[in-house]
Structure formats: C-alpha cells, structure tokens
Amino acid sequence: MLKITGLSARVAGKDILKGVDLTVRAGEVHAIMGPNGSGKSTLAQVLAGREDYEVTAGSATFEGRDLLALAPEERARAGLFLGFQYPVEIPGVNNVYLLKAALNAKRKAAGEPEVDAYEFLALIRQKMKLMQMSDSFLTRGVNEGFSGGEKKRNEVLQMLVLEPKLAILDETDSGLDIDALKVVSAGVNSLRDPKRAVVLVTHYQRLLDYIVPDQVHVLSGGRILKSGDSSLAKELERRGYDWVQGAEVA
Amino acid sequence: MSSKSQDVEALLAQKYRHGFITDIESDSLPPGLDEDVVAAISKKKHEPQFLLDWRLKAFRHWLTMQEPTWAHVHYKPIDYQDISYYSAPRAPANAPKSLDEVDPKLLATYAKLGIPLHERARLAGVAVDAVFDSVSVATTFKEKLGKAGVIFCSFSDAVRDHPELIERYLGTVVPPGDNFFAALNSAVFSDGSFVYVPRGVRCPMELSTYFRINAAKTGQFERTLIIAAEGASVSYLEGCTAPMRDENQLHAAVVELVALDDAQIKYSTVQNWYPGDENGLGGIYNFVTKRGECRGRNSKISWTQVETGSAITWKYPSCVLKGENSIGEFYSVAVANNYQQADTGTKMIHIGRNTKSTIVSKGISAGHAENTYRGLVKILPSAAGARNFTQCDSLLMGPECAAHTFPYMEVKNPTATVEHEASTSKIGEDQLFYCLQRGISAEDAVNMIVSGFCKVVFKELPMEFAVEAQNLLSVSLEGAVG
C-alpha cells in the first residue's frame with residue numbers, strides 16, 4: 001500500500017530524514033518509535049504533503065501512485081489520513097461542518113454522492129458514541145477550547161468518519177490518561193481491516209499494549225535503524241533507545 | 001502541488017463582479033465647486049430656501065477647513081475642482097411615477113446587480129430604495145409601508161413632502177461643520193434615503209437602499225436620515241457598488257440616525273465599492289460620516305458593517321448615548337486585499353446614566369493592504385454606571401499586509417466599567433494544512449477559516465444579507481492564500 005524508498009527530507013535548511021525505507025501492506029499496523037528529534041513527525045508531515053518540508057531524495061508510492069506528486073488535499077482524498085500531534089484550533093468553524101465538508105470532498109473525488117445533513121448526523125453520532133464524546137461536541141468550534149485529550153479523541157473521530165485506507169497517527173497517545181488511551185485505542189482497532197493500514201508514531205510502548213502492531217521500527221537520526229515484531233517495542237522499553245543507537249555504532 | 005499555482009492564477013484572474021458601466025444619458029453638472037454649483041444643485045431639486053441657506057453655510061464653513069490627515073491612509077491630494085457634484089440619469093420630462101416608467105436600462109442595471117426592483121420579484125419583506133449616481137431612481141413597497149405610517153422615500157422626496165421633518169432633524173446628529181467631509185457633503189449632497197417610523201410602530205419589513213455610482217468623474221454625496229420615534233423600531237440595510245475605472249472616485253456620505261425613547265434602529269451595511277485593481281489603480285475613496293444618537297431613554301442603535309470594497313475606507317459609525325439606559329452596538333468586518341487601505345472603527349460617547357456599548361471589530365488583511373481599527377470609548381462625568389465591552393481581532397493573510405489597532409478611552413466617571421480585548425493572528429499555515437489534510441480545497445478552507453473568524457458579526461446581519469456578505473467575503477479574498 002505504502003512504499004517508501006530512500007526518502008530524505010529537509011526542513012528550514014536542516015536535513016532531518018536521511019534515507020528512510022519502509023513498506024506497509026494492506027491489513028498491517030506498523031509502529032514507528034524513536035527518541036525526540038529523530039524525524040518521526042517529519043516523516044508523517046512529508047507523507048501528508050506539508051509544504052515547508054522539502055524532499056531531497058527518494059520516493060514514496062501509495063497504491064502504486066507517486067504520492068509526492070500529489071497535493072495534500074489529493075492525498076487525503078485518495079485515502080491518506082494524518083492524525084495530528086498538535087491538532088490546531090479553528091475558532092468559529094463548527095466541528096461537524098468541517099468534518100462534513102471533508103467527507104463530501106472525499107466522496108465527490110470518488111464519484112460518490114454527497115451525504116446530506118441527516119445522514120451525516122446519524123453517522124457522526126454513531127462514531128461519537130464509540131469515542132465516548134458528548135453531544136456538546138457537535139456545536140463547538142474545531143478543537144476550540146478542547147483539552148489535549150479531547151483534541152486527540154477528535155482526531156480519531158475524524159478518522160473513523162473518513163475511513164481512510166492509510167492512517168498515520170502522530171503521537172495520538174501523548175497527553176492521554178489511561179481511560180482516554182483505551183477509548184482512542186478501541187477507535188483505532190475498530191478500523192483495522194484487511195484493506196486498511198495504520199502507521200502509529202509514538203514514543204511509548206504503552207499504546208502498543210492496546211494496539212498490537214505487526215511491525216515495529218526504530219527511527220533515529222533520520223534513518224530506520226532496526227525493525228522487528230511487537231516484542232521489539234517491549235525490548236526498547238526495557239533497554240532504552242541508546243541500545244539501538246549503540247548497536248549501530250558497534 | 002503542481003496544480004496549485006494554476007489555481008491561484010485562475011483565482012486571481014477573477015475580477016470585481018459589479019464593474020460594468022451602464023450606457024445611459026445623464027444630466028451632469030460640469031466639474032467644479034463654488035457657491036453657484038451649490039445653488040444649482042439646490043435649484044435642480046426645487047429645494048426650499050432654508051435648505052439652500054443651510055447648504056451655503058456648510059459650504060462657507062468647508063472653505064475654512066483642512067482635509068484631515070490623522071487617518072492611517074495614504075493617497076494623492078484630491079482636486080475638488082475636478083469632480084462633478086451632480087449626475088442624474090436623464091429622465092423624460094417628468095420623474096417616473098411608477099416603476100413601469102423607470103428607464104428599462106436602469107432596471108436592467110439593478111437586475112444585473114441582483115437587485116430586481118420590480119416588487120413582485122423582490123424578496124418578500126424587503127423594501128428597496130435605489131440611488132443611481134446622484135438621484136434616487138425607485139423606491140419599492142411605498143404603499144404597504146405607508147399603511148403602517150412608515151415614511152421611506154428618497155431624500156429629495158422627503159424635502160418636498162415632509163420639509164418640517166427635514167428642518168427639524170437634518171444636521172442635528174452630524175452638524176454641517178462636524179468634519180471636512182461632512183461639511184462637503186452638507187454643501188453638495190444630492191440624494192439618499194429618508195426613513196421616519198412613527199411612535200409605537202415596528203416597521204413591517206426590512207428597508208434597504210442600494211447605492212450605485214455609474215458616471216465617470218463624479219462624486220457621490222448621499223445623505224441618509226432615519227428617525228425612530230418613541231417605541232418605534234426599524235432595520236435598515238445599505239449596499240453599494242461601482243464600475244471599474246482607472247481614476248479614483250470620491251464617495252463622501254453622511255448618515256444620521258435618531259432614536260427617541262424606547263426606539264430601536266438596526267443599521268447594516270454591505271459595502272462593496274470598487275476597490276481598485278490588483279496594482280492599486282482606481283477604486284472608490286469612501287470617506288463617510290455615520291452617527292446615531294440615542295436621544296431617548298432605553299433606546300438602542302446597532303451598527304453592523306461588512307466592508308469589503310473601496311480603495312480607501314475612512315469611516316467610524318458612532319453612537320451618542322444620551323438617553324438613560326440607552327445601548328449602542330458596533331459589529332464590523334473590514335476586509336482589505338491588494339492595495340486597499342481601511343481605517344475604520346467607531347466612537348461610543350456615553351452621556352446618559354447606565355448606558356451600555358458593545359464593540360466587536362474583525363479586521364482581515366491580505367495582499368499589500370493596510371487595515372486599521374480606530375475606536376473611541378468616551379465616558380462623560382454624567383454617565384454613572386456606564387459599561388463598555390470592546391473586542392478587536394485582526395487576521396493577517398500573507399506576509400505583506402499589516403493590521404493596526406488604535407483604541408482610545410476617556411473615562412471621566414469612576415463608576416464606569418470598560419473592557420478591551422484584542423488579538424492578532426495569522427491565518428495559520430497550520431489551520432490551512434489541517435483542512436487540506438482532511439481533503440478540503442485551499443479555497444474552501446480559506447473561506448471556512450475566515451467565516452469562522454467573522455461569525456459573531458455575520459450573525460448580527462439580517463438573514464438574507466448574511467449569505468450575501470459571506471459570498472462577498474470569499475470573492476474579496478479570492479487568491480489571497482495559494
């Protein structure tokens with residue numbers, strides 16, 4: 001589904017990614033772990049098409065299409081979703097309004113009829129129940145005055161409504177208490193399906209107790225240093241990132 | 001991303017949509033201004049002596065005045081002798097008595113602007129007065145309003161039919177010598193709208209005036225006077241457009257509102273004068289004095305404005321809160337794109353006890369534009385218990401534009417409460433990217449973000465016009481963010 005080869009990227013004149021290789025197949029869940037500043041978020045932003053990130057080498061294909069040639073909104077409509085690490089507030093713009101516009105943009109691009117307000121409300125209520133969100137959410141502005149946890153829940157809610165083929169979740173677990181973590185994990189797990197894939201970007205093994213990945217990768221210094229199954233995350237938790245970085249030197 | 005630059009170009013190529021010129025014979029005075037011109041305007045309108053005297057007094061006072069320079073706007077000096085002070089579509093012998101007699105070209109002009117003047121075609125519940133250059137060409141729904149006792153007519157008709165009301169109220173809120181542009185207007189004003197809502201009457205429909213500048217080298221100097229007698233209420237809306245011309249045109253209007261005991265006036269403006277092209281060539285100079293006086297107890301005046309047009313805007317719709325417990329409100333969205341300059345805001349003058357005012361100003365700057373909020377809250381010693389709340393927010397789109405805020409406060413009563421909140425934000429790359437990542441196009445995303453920013457003001461507009469305002473906003477900002 002996603003094939004990244006030798007991807008290098010730079011932000012504000014600084015090289016952050018230095019040749020990342022990663023293949024994600026349909027039905028798989030991958031976790032990308034690594035210390036602060038290793039390039040995890042950069043990778044997520046580059047894949048989503050953030051303009052300030054300059055790709056200097058390598059390629060990325062999404063279902064065989066050249067991902068890097070597509071505009072951010074085209075990537076989204078093709079089924080790529082990014083759960084933001086810091087979801088931005090858009091004052092005065094209703095949450096439901098934004099999400100309905102997003103869903104309809106996607107449906108329109110796929111040649112499907114747009115959903116009307118009633119259908120949409122029924123859909124969003126169902127997903128909100130799963131995410132344990134109160135009705136007051138329907139009338140609020142996008143992330144406006146949301147707590148950190150509410151913002152993350154909102155990201156997952158959007159993902160559930162948009163049903164992406166590939167979801168990249170950038171530290172969706174950070175700032176969540178244990179109850180919220182369970183709710184968010186249940187939301188992500190409900191989307192697991194042989195036709196979809198999920199890439200989790202995280203610092204902590206904790207999330208992976210609830211969403212068990214097929215593969216774990218350690219990103220450090222802009223490169224994937226080590227890959228393995230879910231036991232790798234546990235080993236990292238025990239031995240720390242120095243273990244992997246040290247292994248490279250050795 | 002490859003398609004993006006093309007999108008931007010396509011968007012930028014979209015031009016001002018009301019910029020056409022109507023080819024119609026007009027009766028104009030040659031450019032120039034002296035006492036003879038003032039007298040000629042008065043004569044053309046068959047005015048009573050008191051009005052001619054009033055005009056001449058204003059003109060003599062204007063000659064002693066200096067054009068103000070304190071506003072944060074820049075423009076070449078205006079040659080007041082190079083402007084024609086009167087232009088009217090040439091009517092066959094007598095003025096039209098009904099819409100059927102109005103020149104079809106004029107009706108077509110308004111239809112093109114989306115303002116069909118034929119009553120049956122008009123949105124139910126909105127009466128329209130249409131002012132073309134210097135004269136009013138049609139006022140709709142006169143009869144229905146007449147039954148309710150409401151007078152809604154052109155200013156010229158009011159001078160002819162209700163001279164006593166004109167003599168009693170004209171210039172009592174904005175005196176002829178109030179400021180340079182108000183004095184000029186007082187000398188040469190040609191037409192405008194007049195509204196009188198008698199005691200205890202709620203005006204049964206929205207009233208609106210549509211102003212259109214057509215002739216070249218002409219100034220538009222309209223005068224609007226609205227009086228709500230005891231317990232009366234009225235909602236009034238004005239809209240404005242002009243053709244695209246390379247030279248700048250002057251628009252110096254005066255609006256006076258009078259609210260007596262328990263009366264309410266809601267005045268909404270959607271201003272879309274031609275803003276000039278993307279290089280700053282041409283456009284309207286919109287130098288306007290608008291003021292309302294809450295003369296009676298428990299009266300209320302509310303200004304709502306959506307300002308998207310004009311090369312330069314200089315306007316401060318204000319409230320003089322004389323009556324006890326009276327309320328003044330100002331809700332504003334001012335957009336400046338390309339090389340537009342806007343210096344706008346309000347004055348809230350608290351005189352009566354327990355008077356209240358609310359100011360909400362939203363400024364949006366894009367391109368190379370300069371957008372200034374200038375507001376005065378003045379609480380006089382007599383205004384015990386007065387309260388003011390001010391919120392002013394600025395939104396910047398792109399790196400070349402600027403926003404300025406000049407709040408002035410003079411509080412001379414210790415029991416007053418004055419609150420001020422201000423913010424400046426950039427239309428976030430983050431907000432934009434967030435929307436794009438959800439599959440929403442850049443254009444829709446910008447519209448969404450800007451509408452969200454303006455929401456509190458839009459909800460003050462009469463519903464039919466809130467939609468128009470929102471559309472106008474998206475047209476004005478097209479291409480502002482790539």
Flagged in region A:60-77 as touching a Lys or Arg at 6+ places or on another chain (Cβ under 7 Å) and surrounded by fewer than 20 Cβ atoms within 10 Å (Cβ to Cβ), in numbering order, are A:Thr61, A:Ala71
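What about B:Gly452, is it at pLDDT 85 or above, in contact with a helix residue (DSSP H, G or I) (Cβ under 6 Å, 6 or more places away or on another chain) and either within 14 Å of another protein chain (Cβ to nearest Cβ) or farther than 23 Å from B:Phe330 by Cα (or both)? Break it down into steps so the answer makes sense when it comes.
Details: at pLDDT 85 or above: yes; in contact with a helix residue (DSSP H, G or I) (Cβ under 6 Å, 6 or more places away or on another chain): no; either within 14 Å of another protein chain (Cβ to nearest Cβ) or farther than 23 Å from B:Phe330 by Cα (or both): yes.
No: the conditions fail for B:Gly452.
Does region B:84-103 contain at least one residue that is of a type in the set (Val, Ile, Thr) and at pLDDT 80 or above? Explain how you work it out, then say what you get.
Narrowing region B:84-103 to residues of a type in the set (Val, Ile, Thr): B:102.
Checking the rest, the ones that are also at pLDDT 80 or above come to none.
No, because not a single residue in region B:84-103 is of a type in the set (Val, Ile, Thr) and at pLDDT 80 or above.
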Selection from region A:102-146 of residues within 24 Å of B:Val450 (Cα to Cα) and in contact with a Gly (Cβ under 6 Å, 6 or more places away or on another chain) yields A:Ala102, A:Ala105, A:Lys106, A:Gly141
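Could you count how many residues in region B:249-297 are of a type in the set (Asp, Glu), more than 30 Å from B:Asn337 (Cβ to Cβ) and surrounded by fewer than 24 Cβ atoms within 10 Å (Cβ to Cβ)? Quick ask: steps written out before the conclusion?
At the first step, the residues of region B:249-297 found to be of a type in the set (Asp, Glu) are B:256, B:261-262, B:277-278, B:293.
Checking which are more than 30 Å from B:Asn337 (Cβ to Cβ) leaves us with B:256, B:261-262, B:293.
If we keep only those that are surrounded by fewer than 24 Cβ atoms within 10 Å (Cβ to Cβ) too, we end up with B:256, B:261-262.
Going through region B:249-297 one residue at a time, the tally reaches 3.
Is it the case that region A:102-109 has a residue that's over 21 Å from the mean Cα position of the chain (by Cα), surrounded by fewer than 18 Cβ atoms within 10 Å (Cβ to Cβ) and more than 10 Å from chain B (Cβ to nearest Cβ)?
Quick first cut of region A:102-109, residues over 21 Å from the mean Cα position of the chain (by Cα) only: A:108-109.
After this cut, where a residue has to be surrounded by fewer than 18 Cβ atoms within 10 Å (Cβ to Cβ) as well, the list is A:108-109.
This time we only want the ones that are more than 10 Å from chain B (Cβ to nearest Cβ), so: none.
No, region A:102-109 contains no residue that is over 21 Å from the mean Cα position of the chain (by Cα), surrounded by fewer than 18 Cβ atoms within 10 Å (Cβ to Cβ) and more than 10 Å from chain B (Cβ to nearest Cβ).
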Note on region A:59-101: residues part of a helix (DSSP H, G or I) and among the polar types (S, T, N, Q) are A:Asn95
All conditions in (1) within 16 Å of the chain's Cα centre (by Cα); (2) closer than 24 Å to A:Gly27 by Cβ; (3) assigned to a helix (DSSP H, G or I) are true of A:Lys127 except (1)
Residue pairs within 6 Å by beta carbon, gap of at least six or interchain, first lying in region A:63-88 and facing chain B (nearest Cβ under 8 Å), second among the β-branched types (Val, Ile, Thr), listed first then second, are A:Leu82/A:Ile168
Exactly one of A:Gly34, A:Gly39 is within 15 Å of the chain's Cα centre (by Cα), at pLDDT below 95 and buried (at least 23 other Cβ atoms within 10 Å of the Cβ), and that one is A:Gly39
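Tell me, which helices (runs of 4 or more DSSP H) wholly within region B:137-181 include 1 or more residues that are modelled with pLDDT under 85 and under 16 Å from B:Ser193 (Cβ atoms)?
Numbers: elements: B:142-148, B:155-161, B:163-169.
Output list reads B:142-148.
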When B:Asn338 is run through (1) assigned to a strand (DSSP E or B); (2) touching a His at 6+ places or on another chain (Cβ under 7 Å); (3) of a type in the set (S, T, N, Q), the failure sits at (1)
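The values are calculated or read from the model by the stated rules, or taken from the named source; none is laboratory data. Quick caveat: nothing in here was measured; it's all calculated off a predicted structure. Using ideal geometry, Cβ is built from the backbone for each residue, glycine included, and neighbour counts are taken over all protein chains shown.
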